[in-house]
Structure formats: structure tokens, C-alpha cells
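Novice: For reference, the structure I am asking about is given below.
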Amino acid sequence: MTIVIISPARLGALNGNAVTARRWARILRSLGHRVRLQTRYDGGPCDVLVALHARRSAFSAARFRRLYPQRPLIVALTGTDLYHDIGRSAAARRSLELATRLLLLQPEGIRELPARVRRKARAIIQSAPAAAHKPTRRAHDDFRVLVLGNLRAVKDPFRAAMAARLLPEDSRITVLHAGRALEPRYETRAQREMQRNPRYRWLGEVSHARARRLLLGSRLLIVSSRSEGGANVVSEALAAGVPIIGSDIGGTRGVLGADYPGLYPVGDTQRLAALLERAESDRSFYAALCRWCRRLAPLVRPTAERKAWQQLLSEVNDTAL
């Protein structure tokens with residue numbers, strides 16, 4: 001088949017939607033399909049359209065449905081559209097109605113959908129390649145934790161830095177943050193935070209290869225977002241064998257589980273600081289986080305995502321027939 005993937009993000013970007021679109025293209029090509037990546041549907045012929053983000057790709061979804069009313073349309077809800085837009089945007093809700101199937105990045109998100117469209121929803125957890133070697137953590141004089149994500153409000157980007165300020169004086173924790181500042185005010189704040197907080201270092205935007213190296217050299221990944229559809233970095237950490245401390249949101253809970261011991265209430269700096277201190281000082285707690293994440297590693301194997309896509313395409317083709 002010929003499949004068009006619409007990603008509203010710049011196709012060469014390093015943000016979540018662009019990374020997801022490129023990975024899905026590789027998977028679909030490995031299944032024998034022809035794949036085109038576009039930021040906006042150009043009206044060209046295709047057998048299936050996959051539109052990332054219900055609101056931002058609403059034009060593309062509507063145009064495809066108008067041109068090819070009987071062909072499968074898969075609308076992927078990737079974050080802000082799931083947790084914000086479907087309650088506020090008529091365009092996002094229209095995309096849900098037009099879709100043959102709704103694709104979510106973790107199963108808990110299905111509960112956020114209007115009841116009438118849930119029957120169309122399927123969840124495919126994002127995959128990540130296993131690390132070629134074991135994590136290369138440095139000696140005992142350092143306990144590095146990593147934040148991977150662009151600096152924008154929905155990511156609550158400075159929560160880890162604020163928590164690090166509350167740690168005991170003898171703590172060995174340092175926070176590295178890799179991600180692009182999407183507004184000048186975030187860059188200003190990151191620079192100011194580095195001057196005032198010796199435990200925090202902002203690296204700016206880094207390549208995917210360097211991000212993986214940073215992850216492998218870290219004791220923990222911190223995912224502090226206020227909202228996520230299903231973060232790529234969670235899958236990357238599980239594949240790399242790096243445990244996670246994250247905000248208690250559906251996008252993270254839906255992959256790690258509601259009982260995961262490394263979750264803290266959104267925006268709660270003191271609870272995050274307490275978890276960081278416990279992970280550093282309590283070996284049994286840190287080991288429990290590691291064991292939990294190792295058990296989840298099969299969820300993010302590329303073979304699992306490939307099989308799920310194969311099943312989804314078979315299903316939508318049967319529906320179209």
C-alpha cells in the first residue's frame with residue numbers, strides 16, 4: 001500500500017511528533033509499504049492516511065476524507081490533543097469523528113475520549129531499540145539524573161532543577177537537561193538557573209545519538225510533564241535499562257502502571273525531591289525501580305510495535321472492504 005503520514009512538526013525536528021513519524025515510517029516500510037512523510041496532506045493518492053495530532057492535522061484529515069471517503073484514516077492522538085484539544089477544539093473533535101481508527105500511545109488514554117468514539121481506539125506503545133551495551137554510569141562520586149525534553153510549559157521543564165535545590169548538602173545528585181528552549185524566556189531562565197543552582201546544567205538541543213549516550217550515563221530519567229500522550233523518552237529509558245521518576249499523569253502511568261513507585265503528583269517539588277533523595281540513598285528502592293522497568297522492557301521492543309502496526313493495518317483494510 002501507499003501510506004501518507006502527516007506530522008505537523010517539521011520533519012527533521014527532534015521533538016516527539018517528528019521522531020514518532022519517522023519511526024512509524026521505518027516500521028511501515030519494513031512491512032513492505034510505500035510511505036510518504038508530509039507536514040500537510042497535499043491531496044495526492046494514497047491508500048491510508050495516518051494523521052498525527054487531531055487538531056493540528058485536522059485540515060489534512062478532512063481533506064483526505066473528502067477526496068477518499070472509503071479509504072482508511074488513522075488519527076493519532078499524541079499529547080495535547082488528547083488531554084486538552086478534544087474538550088476545546090471543534091476541529092479536533094471533527095477529526096475523531098472522521099477517523100476510521102484512533103491511535104493512542106498508551107492504553108489509559110482511551111478513557112479520555114468521548115464514549116461514542118472509544119470503540120475506534122487502539123493503543124500502540126512506542127518502541128525503542130535496546131541499548132547496544134549496558135549503561136555506562138560513572139563512579140560513585142556522582143549520581144546523574146537526566147531530563148530529556150524541550151523547554152516549554154507542558155513539560156514543566158524546571159521542576160527537577162527546583163527539586164535539586166531541596167536536596168541535602170551531601171547529596172551527589174546532578175541534573176542534566178537536554179532540550180531546545182522554544183521561547184527566549186526559557187533560555188533566560190535556564191541560564192539563570194545554572195548560575196544559581198550548582199546541581200543543574202542545561203545542554204540545549206542535542207542529537208538523538210547524544211541523547212542516548214546521556215541516558216546510558218544516567219542513574220535516572222526524570223519525566224516531569226504536566227501532560228503527555230505517551231512520551232518517547234519513557235520508551236527510550238525502558239529500552240536502555242534506566243529507571244524513571246515521573247509525574248503522575250496518564251501518559252506516563254499508562255506505560256509504567258498506576259502502582260509504579262517512582263511517580264509523584266504533578267508540580268509537587270517536595271515530593272519529587274523526596275523521591276530523588278530516596279533513589280540515591282535507599283539501595284533497595286532504587287533496585288525496585290530498576291526491576292520494575294526491566295519487567296516492562298518487552299513492551300517497547302521494536303518487534304512488538306511492528307506487530308501491532310501490522311494488526312492495525314489489517315484491521316482497517318478489512319473495515320474498508
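The values are calculated or read from the model by the stated rules, or taken from the named source; none is laboratory data. Keep in mind that what you see is a predicted model, and the values were worked out from it rather than measured. Neighbour counts are summed over all protein chains in view; Cβ atoms, including those assigned to glycine, are modelled from backbone coordinates with ideal geometry.
Novice: Could you check segment 15-112 for helices (runs of 4 or more DSSP H) lying wholly inside it with 2 or more residues that are in contact (Cβ under 8 Å) with a residue 60 or more places away in the chain and closer than 17 Å to I3 by Cα? Reasoning before the result, please.
Specialist: Numbers: elements: 16-30, 58-67, 80-83, 90-98.
Correct list: 16-30.
Novice: Among G230, G267, which is surrounded by fewer than 23 Cβ atoms within 10 Å (Cβ to Cβ), assigned by TED's automatic domain parsing to the domain that holds M162, closer than 17 Å to G149 by Cβ and among the small types (G, A, S)?
Specialist: Values: G230 fails: surrounded by fewer than 23 Cβ atoms within 10 Å (Cβ to Cβ).
Residue meeting the stated conditions: G267.
Novice: Could you say which residue among A190, A211, A239 is part of a helix (DSSP H, G or I) and closer than 25 Å to P107 by Cα? Spell out the reasoning first.
Specialist: Values: A190 fails: closer than 25 Å to P107 by Cα; A211 fails: closer than 25 Å to P107 by Cα.
Going through A190, A211, A239 in turn, the sole match is A239.
Novice: List, please: which pairs have Cβ atoms under 6 Å, are six or more places apart or on different chains, and start with a residue in segment 249-263 that is on the phi < 0 side of the Ramachandran plot and modelled with pLDDT of 95 or more and end with one that is surrounded by fewer than 22 Cβ atoms within 10 Å (Cβ to Cβ) and charged (D, E, K, R)?
Specialist: From segment 249-263, the pairs are L263/D248.
Novice: Out of P265, P302, which single residue is within 25 Å of A209 (Cβ to Cβ) and in contact with a Ser or Thr (Cβ under 8 Å, 6 or more places away or on another chain)? Full working, then the answer.
Specialist: Numbers: P265 fails: within 25 Å of A209 (Cβ to Cβ).
Only one candidate qualifies: P302.
Novice: Just one of the numbered conditions (1) among the hydroxyl-bearing types (S, T, Y); (2) within 28 Å of L182 (Cβ to Cβ); (3) surrounded by fewer than 23 Cβ atoms within 10 Å (Cβ to Cβ); (4) at pLDDT 95 or above is not true of T39; which one?
Specialist: All conditions are met except number (4).
Novice: Take E280 and decide whether it is charged (D, E, K, R), touching a Phe, Trp or Tyr at 6+ places or on another chain (Cβ under 7 Å) and either part of a helix (DSSP H, G or I) or crowded, with 16+ Cβ neighbours inside 10 Å (or both). If you could, list the steps in order and put the result at the bottom.
Specialist: Values: charged (D, E, K, R): yes; touching a Phe, Trp or Tyr at 6+ places or on another chain (Cβ under 7 Å): yes; either part of a helix (DSSP H, G or I) or crowded, with 16+ Cβ neighbours inside 10 Å (or both): yes.
Against the criterion (charged (D, E, K, R), touching a Phe, Trp or Tyr at 6+ places or on another chain (Cβ under 7 Å) and either part of a helix (DSSP H, G or I) or crowded, with 16+ Cβ neighbours inside 10 Å (or both)), E280 qualifies.
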